[in-house]
Amino acid sequence: MEGVLKDIHFSYQPHLLRFRFEAGTSRGVLKDKTTYFIKAVSAKEPEIVGWGEAAPLPKLSIDDVLDFEKKLSTFCENLSGSPVLGSEKEILDWVKTHIPENFPSIRFAMEMALLDLLHGGKKLIFDTPFYNGGKSIPINGLIWMGEKEFMLDQIDKKLAEGYNCIKMKIGAIDFGQECELLGYIRERHSAEQVILRVDANGAFSPAKALTKLERIQEFDLHSMEQPIRPGQISEMANLCKLTPLPIALDEELIGIHDFNKKRELLEKIKPHYIILKPTLVGGIGSSREWIGLAESLGIGWWMTSALESNIGLNAIAQFASTYHHTIFHGLGTGQLYHNNIDSPLTIERGEIRYGFEEWGI
């Protein structure tokens with residue numbers, strides 16, 4: 001399929017993912033989540049299929065809109081029959097031209113479907129040692145919000161499974177109890193043994209955030225993710241200036257697509273890290289812009305999935321593997337669902353790798 005992709009037909013199918021547990025977030029509890037699989041087929045070789053996934057996050061994605069499926073159907077219908085020049089750059093440029101920036105998850109889905117089709121429909125998005133050579137990517141173990149005992153059980157499980165990096169969502173229960181949980185980890189493992197990240201999902205008020213950061217620094221944290229709600233630029237900039245521990249931006253990046261506005265945001269806030277969710281920020285092309293800007297400004301970064309199925313997770317992991325980057329990524333969400341798509345993706349001792357199992361789609 002290398003070369004020009006001619007007469008591409010796009011279609012989609014919804015899939016209701018069912019969580020193994022009630023997944024607590026700052027925006028409520030998730031029990032299930034609808035995702036949409038994009039199918040790209042060339043009229044010339046209809047037996048070869050490229051798969052993508054549009055997975056807007058409820059109450060967070062800018063394309064979490066009531067008529068999302070109708071919009072997706074229209075894109076698939078209107079773009080079917082289009083010729084797409086068959087190189088990675090030309091595919092990314094084509095998607096950027098034909099999918100509006102206010103549908104970032106569809107941009108990402110089209111990118112991965114066309115790249116998969118370009119490479120022969122083998123779920124190969126990027127030709128790297130992750131896909132071909134079994135090279136693993138270190139990931140963090142995610143501790144979901146919930147009652148203290150539920151979170152404690154998750155912590156024990158992740159540590160027993162050999163994770164060297166733990167990310168704990170906070171802001172759902174009493175802050176003192178959350179500090180006790182962090183203390184529980186630190187009593188057993190030093191910062192050299194286990195990296196600790198916390199994600200506040202914007203739970204703190206600007207007036208109290210610095211006090212919280214000063215309180216929580218005693219646990220030798222790697223970073224605090226999004227301590228206050230996005231959109232409070234001057235308050236976040238001040239917090240990044242005064243903070244006793246590194247701050248990472250996540251939700252702050254959503255909805256910003258113009259290159260100069262991306263630069264302006266990073267230059268104003270001066271975060272220590274940014275966190276990239278391709279589904280939320282507009283896919284591969286947009287994420288590359290963020291990474292290039294961050295690195296030019298001395299800002300660190302890592303990549304995470306955003307509750308996609310294994311179709312989207314595979315694309316994000318392969319994308320992350322195109323960078324020679326040793327930081328821990330957030331790619332453990334494939335274990336969340338009862339009815340995920342069977343895939344070669346496996347996690348062992350805090351690392352994700354691409355194995356030899358068959359895909360279930």
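Confirm whether N140 is farther than 30 Å from I62 by Cβ and outside the structural domain of A23 (by TED's automatic domain parsing). So N140 does not fit the description; no. Among the residues of the stretch 89-128, those that are of a type in the set (D, E), over 18 Å from the mean Cα position of the chain (by Cα) and in a helix (DSSP H, G or I) comprise E90, D93, D116. Checked across the stretch 349-361, the condition of being more than 15 Å from the chain's Cα centre (by Cα), among the aliphatic types (A, V, I, L, M), over 25 Å from M224 (Cα atoms) and modelled with pLDDT under 95 holds for at least one residue.
Screening the candidates D67, D63 for the property of being farther than 19 Å from K39 by Cα, surrounded by fewer than 19 Cβ atoms within 10 Å (Cβ to Cβ) and not aromatic (F, W, Y) yields one hit, D67.
Summed over the stretch 321-342, residues that are over 19 Å from P14 (Cβ atoms) and assigned to a loop (DSSP other than H, G, I, E, B) total 10.
Screening N339 with (1) in contact with a His (Cβ under 9 Å, 6 or more places away or on another chain); (2) surrounded by 22 or more Cβ atoms within 10 Å (Cβ to Cβ) gives one miss only, at (2).
Beta carbons closer than 6 Å, at least 6 apart along the sequence or on distinct chains, pair a first residue in the stretch 80-97 that is of a type in the set (G, A, S) with a second that is part of a loop (DSSP other than H, G, I, E, B) for G86/G3; G86/V4. Taken as a whole, the condition of being at pLDDT 95 or above and either closer than 25 Å to R353 by Cα or out of contact with any Lys or Arg (no Cβ under 7 Å at 6 or more places or on another chain) (or both) applies to I106.
Is one or more of the residues making up the stretch 55-68 among the polar types (S, T, N, Q), in contact (Cβ under 8 Å) with a residue 60 or more places away in the chain and not in a loop (DSSP other than H, G, I, E, B)? Scanning the stretch 55-68 turns up no residue that is among the polar types (S, T, N, Q), in contact (Cβ under 8 Å) with a residue 60 or more places away in the chain and not in a loop (DSSP other than H, G, I, E, B). Within the stretch 78-88, being assigned to a helix (DSSP H, G or I) and more than 16 Å from P278 (Cβ to Cβ) holds for N78, L79.
Within the bounds of the stretch 197-216, is there any residue that is under 16 Å from Y273 (Cβ atoms), β-branched (V, I, T), touching a residue at least 24 places away in the same chain (Cβ under 8 Å) and crowded, with 20+ Cβ neighbours inside 10 Å? The answer is yes, given that some residue of the stretch 197-216 is under 16 Å from Y273 (Cβ atoms), β-branched (V, I, T), touching a residue at least 24 places away in the same chain (Cβ under 8 Å) and crowded, with 20+ Cβ neighbours inside 10 Å.
Looking across the stretch 49-70, the residues that are closer than 21 Å to I284 by Cβ and among the hydrophobic types (A, V, I, L, M, F, W, C) come down to V49, W51, A54, A55, L57, L60, I62, F68. For the stretch 139-151, state whether one or more residues are in contact with a Pro (Cβ under 7 Å, 6 or more places away or on another chain) and either without any contact (Cβ under 8 Å) to a residue 60 or more places away in the chain or in a loop (DSSP other than H, G, I, E, B) (or both). Taking every residue of the stretch 139-151 in turn, none turns out to be in contact with a Pro (Cβ under 7 Å, 6 or more places away or on another chain) and either without any contact (Cβ under 8 Å) to a residue 60 or more places away in the chain or in a loop (DSSP other than H, G, I, E, B) (or both).
Here are the criteria: (1) surrounded by 21 or more Cβ atoms within 10 Å (Cβ to Cβ); (2) within 19 Å of the chain's Cα centre (by Cα); (3) not in a strand (DSSP E or B). Tell me which single one I38 does not satisfy. Going through the list (1) surrounded by 21 or more Cβ atoms within 10 Å (Cβ to Cβ); (2) within 19 Å of the chain's Cα centre (by Cα); (3) not in a strand (DSSP E or B), I38 breaks only (3).
In the stretch 281-320, the qualifying residues are those that are over 23 Å from L345 (Cα atoms), of a type outside the set (A, V, I, L, M) and touching a residue at least 60 places away in the same chain (Cβ under 8 Å), and the one that is surrounded by the fewest Cβ atoms within 10 Å (Cβ to Cβ) is G285.
The values are calculated or read from the model by the stated rules, or taken from the named source; none is laboratory data. What you are looking at is a predicted structure, and each value in this text was computed from that prediction instead of being measured. No Cβ is skipped: glycine too gets one built from the backbone with ideal geometry, and neighbour counts run over all protein chains shown.
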